[in-house]
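Quick notes on the structure that follows.
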Amino acid sequence: MEAYLDNSATTRCYEEAADIVRHTMLTDFGNPSSMHNKGVEAEVYVKKSAEKIASILRVKPKEIFFTSGGTESNNWALFGTALANRRKGKRIVTTEIEHSAIAAPLEMMEGLGYEIVKVPVDREGIVDMEALKAAVTEDTLLVSVMMVNNEIGAVEPVAEIGAWIKANRPNTYFHVDAIQAFGKFRILPKRMKIDMLSVSGHKIHGPKGVGFLYVDEKVRIHPMVYGGGQQNGMRSGTDNVPGIAGLGVAAERIYRDLDAGVEHMYRLKERLYEGLQDIPNLKFHGPADLRKGAPQILNVSFIGIRSEVLLHTLEDRGIYVSSGSACSSHKRAGSATMQATHASAQEAESSVRFSFSELTTEEEIDYAVQVIHEVAPMLRKYTRR
């Protein structure tokens with residue numbers, strides 16, 4: 001049997017999303033920039049996907065810009081607004097637990113003279129609101145906060161943050177990395193006062209290599225890719241029609257039965273949590289109230305067993321998990337999230353992330369629990385030796 005429990009790294013594509021990808025590669029394969037009918041047919045897929053996503057977010061289709069994925073969307077939000085608003089200030093506020101797709105470009109921007117302020121979080125990974133308010137001064141250009149932490153599933157109060165920014169610092173832009181949140185929560189940028197929102201397709205059963213950045217029409221932002229003038233000159237390059245079409249189908253489907261899908265994932269999370277309870281020397285990370293965390297993530301430290309050792313032991317039995325973020329799993333002891341939430345070095349080096357989707361079954365959870373009960377005592381004995 002197999003148990004795929006690494007859905008925060010990537011998800012299996014929906015059949016209908018894969019079907020439209022294939023169709024737009026083999027049949028409606030035109031370049032949407034072409035003037036002939038084949039190009040017009042391809043352009044329809046791009047427009048329809050933008051309309052589907054805009055309907056979900058309750059924004060305008062012209063505010064949706066397709067990218068190569070979440071990393072590009074995050075980078076564009078940061079660099080694009082900085083370049084377009086150089087006279088507004090060079091202060092950018094973020095948190096201590098951001099994904100590397102935010103942390104790395106901000107590190108580069110710091111080298112270019114920008115002031116980067118990282119706000120602390122509590123032990124459950126929730127941002128300190130008072131510290132954030134104090135950090136967002138009149139000359140703050142941008143605040144960037146992830147909605148769901150990719151390692152421990154902490155859910156940040158982005159609506160509260162957005163409301164405070166617009167009431168107190170109306171000239172400051174607010175960007176949200178929603179890569180682990182889209183498809184798990186209802187996100188309404190206009191109501192939540194979010195100026196920019198990053199999303200990735202392969203986290204919601206869409207294809208890899210595609211995502212989008214929502215940009216409120218009032219935001220001043222420079223393009224990061226120049227050339228043919230596609231997407232109203234904001235993101236040049238031939239449109240990735242198969243990816244965009246697949247993303248639109250996946251977004252539409254995941255939101256069609258969102259409540260049922262989310263409830264299913266919470267039940268799986270609770271089932272796994274209960275199944276692991278009697279294993280000694282465990283530490284669960286993230287919100288203690290499982291329903292206050294994201295539905296798809298449960299992070300556990302099996303203290304005394306290195307995460308890589310457990311990961312590969314489970315892999316040998318057909319169980320696939322992560323030793324944290326898929327993008328930084330080789331740096332577990334140095335995880336910014338683990339450090340910010342005051343996890344010990346021993347807890348950090350033994351943490352494993354289980355992540356689910358609406359396609360995950362109870363049988364997969366039960367199989368994982370059974371195997372972990374079998375191998376954990378053996379691995380602890382081996383470690384002690």
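The values are calculated or read from the model by the stated rules, or taken from the named source; none is laboratory data. Just so we're clear, the structure is a prediction, and the values are computed from it rather than from any experiment. Every residue, glycine as well, gets a Cβ built from its backbone with ideal geometry; the counts of neighbours run over all protein chains shown. Ligands, DNA and RNA are stripped out before the accessible areas are found, and what is left, the full protein with its side chains, is counted by its heavy atoms. Shrake-Rupley method; radii C 1.70, N 1.55, O 1.52, S 1.80 Å.
For this structure, a couple of remarks:
- Asp195 accessible area, 1.4 Å probe, all protein chains in place, Å² to nearest 10: 20
- CD proxy at 222 nm, helix term only [per DSSP H run n ≥ 4: -39500 (n - 2.57); per residue of the chain; nearest 500]: -12000 deg cm²/dmol
- Tail fraction, Cα-Cα pairs, segment 89-170, threshold 19 Å, whole percent: 34
- Accessible area per residue, Å², the chain with all protein chains present, probe 1.4 Å: 43
- Segment 219-353 - percent relative contact order, Cα under 8 Å, separation 6 or more: 18
- Greater than 21 Å apart at Cα, pairs in Lys269/Lys381; Lys269/Lys292; Lys184/Lys292; Lys52/Lys208; Lys62/Lys184; Lys208/Lys283: Lys269/Lys381; Lys62/Lys184; Lys208/Lys283
- Just the protein heavy atoms count here, and of the accessible area of the chain at 1.4 Å, carbon and sulfur take up 51 percent.
- Mean separation of Cα pairs under 8 Å and 6 or more residues apart, divided by the residue count, gives segment 1-128 a relative contact order of 13 percent.
- Contact order relative to length of the chain, as percent, for alpha carbon pairs under 8 angstrom and 6 or more apart: 24
- Considering only Glu347, Glu130, Glu358, the Gaussian network model of the chain with Cα springs below 10 Å gives its largest mean-square fluctuation to Glu130.
- Potential lengthening between Asp316 and Arg86 on full extension [0.36 nm per residue; Cα-Cα distance subtracted]: 77.6 nm
- Considering only the chain, percent of DSSP beta bridges that pair antiparallel, nearest 5: 50
- For Val352, distant residues with modelled amide H under 5 Å away: Val300, Ser301, Phe302
- Angle of helix 37-57 to the longest C-alpha principal axis of the chain, folded into 0 to 90 degrees and rounded to 10: 60°.
- Placing pseudo-labels 7 Å out from each Cα toward the beta carbon at Asp122 and His222 gives an inter-label distance of 4.0 nm.
- Volume of the convex hull of segment 1-102 (Cα atoms only), normalised per residue: 174 Å³.
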